[in-house]
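The values are calculated or read from the model by the stated rules, or taken from the named source; none is laboratory data. Note that the structure is predicted; figures quoted are calculated from it, not measured. Because the Cβ atoms are built from the backbone with ideal geometry, glycine has one as well, and the counts that use them run over all protein chains shown.
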Amino acid sequence: MKTRVFPTAVLAGACLFVGLFSGADWSRFRGPQTAGVADETNAAGVPLSWEADENVVWKTALPGPGASSPIVVGERVFITSYSGYGLSKDEPGEQSNLRHHLLCVDRTSGKILWEKTTKAKLPEKSYEGFMDFHGYASSTPTSDGQAVFAFFGRSGVYAYSLDGELLWQADVGTKIHIWGSGASPILYKDLLIVNASIESGSVIALDKRTGKEQWKVSGISESWSTPLVVTLPNGKDELVVSMHSKIFGIDPATGEKLWTCASVKDYVCPSVIAHEDVVFVSSGRRPLTLAVRCGGRGDVSDTHVLWELKKTPAVPTPLYHDGHLYWLDKRMAACVNVKTGKLITKKRVNGLGIVYASMVLADGRLYAISREKGTVVMAAEPSMKELGRNDLGDESIFNGTPAVDDGQLLIRSDRYLYCIGK
């Protein structure tokens with residue numbers, strides 16, 4: 001793995017922005033604790049309805065498409081995109097023109113404060129098949145309030161100060177896949193942890209200050225899933241990684257493999273989620289959702305699996321709320337009791353089409369964005385009663401999961417970043 005480290009003075013300067021960061025910031029994929037749940041302060045006032053000329057505070061044109069989600073750090077919004085190649089299935093263009101973008105947007109006005117553009121490392125997977133479903137900017141950035149970290153697959157990991165100065169760049173593998181890259185990086189203390197299953201068949205921990213590799217766990221196969229750090233009742237932390245056929249429990253500080261568990265024999269896209277010390281993992285084409293208690297050692301397949309359910313979302317990550325798991329996928333809404341694994345609700349949601357984005361919860365309501373047919377709002381209760389539908393009139397694709405901040409939603413399409421609220 002190659003790492004380029006930039007002047008330490010730049011990194012020190014980034015610390016001046018630490019005051020902007022708070023626990024309530026939506027600073028990573030699916031927000032605080034990667035749960036997709038807004039706290040009371042941020043949830044209050046999120047609108048039930050909107051359209052192109054109603055409850056749109058601002059909209060900002062993006063330099064190109066992307067399936068990543070926006071994050072919020074104080075008064076700044078960060079979002080990634082790609083351009084130059086893969087903008088049209090019929091005429092994808094030349095790979096040599098492929099560029100990655102990281103944008104910093106003013107939270108209040110939507111004005112672009114700065115934009116960093118980098119050339120993609122080639123060859124990339126050609127724009128065909130499943131690549132045209134999400135493209136080349138599918139990983140959501142993350143921030144510790146001092147720096148922002150963006151992952152672009154085989155093109156590597158980039159760390160910038162909140163003021164846009166490049167701190168370091170690191171490579172985590174060079175392989176490519178017909179479905180591209182998609183897992184998002186997470187932070188743990190002084191480490192940036194990257195699921196580089198596609199790029200190198202591994203999970204890699206980098207020093208967040210320098211980009212230098214601290215540990216590496218191999219054997220991570222066919223995983224587009226963002227990992228999760230779970231804190232156990234005894235105060236110890238475990239990094240849980242979901243992949244084809246198994247789940248790993250890893251010491252996030254050292255990379256020591258603590259436990260393994262048999263899982264679905266297929267690829268995985270939904271991210272790991274948890275309630276207390278129980279993690280929930282979901283599969284891809286072979287429907288299976290598992291509940292596994294953390295804290296074991298060795299092979300826990302026969303001792304720590306609480307239940308299995310042969311239902312699953314293929315791409316979106318389920319959401320935990322008040323003793324239930326919720327998801328919407330392929331026009332089907334589902335609610336599962338987390339104690340028993342019993343499917344409580346399964347109902348068709350007509351006219352919505354395919355859903356890649358994950359649900360978020362705000363003010364007692366579930367917000368689910370479809371790729372092409374707008375947003376459906378449902379009650380956060382087992383009935384999943386539909387409360388409304390909203391369409392911005394934007395005919396491009398919506399793949400990103402929204403962020404919730406200060407009573408507003410931040411929603412991205414392939415064309416625009418929207419601030420929805422009052």
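Some values worked out for this structure:
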{"quantity": "Single unsatisfied condition, residue 365 versus (1) of a type in the set (Lys, Arg); (2) in contact with a strand residue (DSSP E or B) (Cβ under 7 Å, 6 or more places away or on another chain); (3) exposed (fewer than 15 other Cβ atoms within 10 Å of the Cβ)", "calculated": "(3)"}
{"quantity": "Subset of region 187-214 that is buried (at least 24 other Cβ atoms within 10 Å of the Cβ) and of a type in the set (Val, Ile, Thr) - its residue that is nearest to residue 124 (Cα to Cα)", "calculated": "198"}
{"quantity": "Single match in 387, 325 (criterion: touching a residue at least 40 places away in the same chain (Cβ under 8 Å), under 21 Å from residue 243 (Cβ atoms) and assigned to a strand (DSSP E or B))", "calculated": "325"}
{"quantity": "Check on residue 414, within 25 Å of residue 226 (Cα to Cα), out of contact with any Ser or Thr (no Cβ under 7 Å at 6 or more places or on another chain), crowded, with 19+ Cβ neighbours inside 10 Å and among the charged types (D, E, K, R)", "calculated": "no"}
{"quantity": "Residue list for region 394-417, filter: in a strand (DSSP E or B) and either out of contact with any Asp or Glu (no Cβ under 8 Å at 6 or more places or on another chain) or β-branched (Val, Ile, Thr) (or both)", "calculated": "403, 404, 408, 409, 410, 411, 412, 417"}
{"quantity": "Selection from region 92-137 of residues that are farther than 24 Å from residue 73 by Cβ, surrounded by fewer than 20 Cβ atoms within 10 Å (Cβ to Cβ) and not polar (S, T, N, Q)", "calculated": "92, 93, 94, 119, 121, 122, 123, 128, 129, 130, 132, 133"}
{"quantity": "Contacts under 8 angstrom Cβ, first residue in region 246-259 being under 20 Å from residue 207 (Cα atoms), partner among the aromatic types (Phe, Trp, Tyr) and assigned to a strand (DSSP E or B), 6 or more apart", "calculated": "252/188; 253/188; 254/215; 255/215; 257/248"}
{"quantity": "Criterion violated by residue 351 - all others in (1) at pLDDT 95 or above; (2) surrounded by fewer than 16 Cβ atoms within 10 Å (Cβ to Cβ) satisfied", "calculated": "(1)"}
{"quantity": "Count of residues meeting criterion [in a loop (DSSP other than H, G, I, E, B) and either out of contact with any helix residue (DSSP H, G or I) (no Cβ under 9 Å at 6 or more places or on another chain) or among the hydroxyl-bearing types (Ser, Thr, Tyr) (or both)] in region 177-218", "calculated": "10"}
{"quantity": "Region 328-371 - residue that is of a type in the set (S, T, N, Q) and in a loop (DSSP other than H, G, I, E, B) and, of those, nearest to residue 401 (Cα to Cα)", "calculated": "358"}
{"quantity": "Residue match in region 234-246 (condition: within 19 Å of residue 182 (Cα to Cα), in contact with a helix residue (DSSP H, G or I) (Cβ under 8 Å, 6 or more places away or on another chain) and not basic (Lys, Arg))", "calculated": "yes"}
{"quantity": "Conditions (1) under 20 Å from residue 177 (Cβ atoms); (2) surrounded by fewer than 24 Cβ atoms within 10 Å (Cβ to Cβ); (3) among the polar types (S, T, N, Q); number of the one not met by residue 271", "calculated": "(2)"}
{"quantity": "Only listed residue being of a type in the set (Gly, Ala, Ser) and out of contact with any Leu (no Cβ under 8 Å at 6 or more places or on another chain), chosen from 341, 323", "calculated": "323"}
{"quantity": "Test: residue in region 275-286 that is assigned to a loop (DSSP other than H, G, I, E, B) and closer than 20 Å to residue 401 by Cβ", "calculated": "yes"}
{"quantity": "Residue count for region 129-176, restricted to those that are within 19 Å of the chain's Cα centre (by Cα) and in a loop (DSSP other than H, G, I, E, B)", "calculated": "13"}
{"quantity": "Residue 238 being in contact with a Lys or Arg (Cβ under 9 Å, 6 or more places away or on another chain), of a type in the set (Asp, Glu) and buried (at least 19 other Cβ atoms within 10 Å of the Cβ)", "calculated": "no"}
{"quantity": "Any pair with Cβ under 6 angstrom, 6 or more apart, that starts in region 157-168 at a residue that is under 15 Å from residue 77 (Cβ atoms) and ends at one that is aromatic (Phe, Trp, Tyr) and modelled with pLDDT under 95", "calculated": "162/17"}
{"quantity": "Single unsatisfied condition, residue 303 versus (1) among the β-branched types (Val, Ile, Thr); (2) farther than 25 Å from residue 185 by Cβ; (3) surrounded by fewer than 21 Cβ atoms within 10 Å (Cβ to Cβ); (4) touching a residue at least 40 places away in the same chain (Cβ under 8 Å)", "calculated": "(4)"}
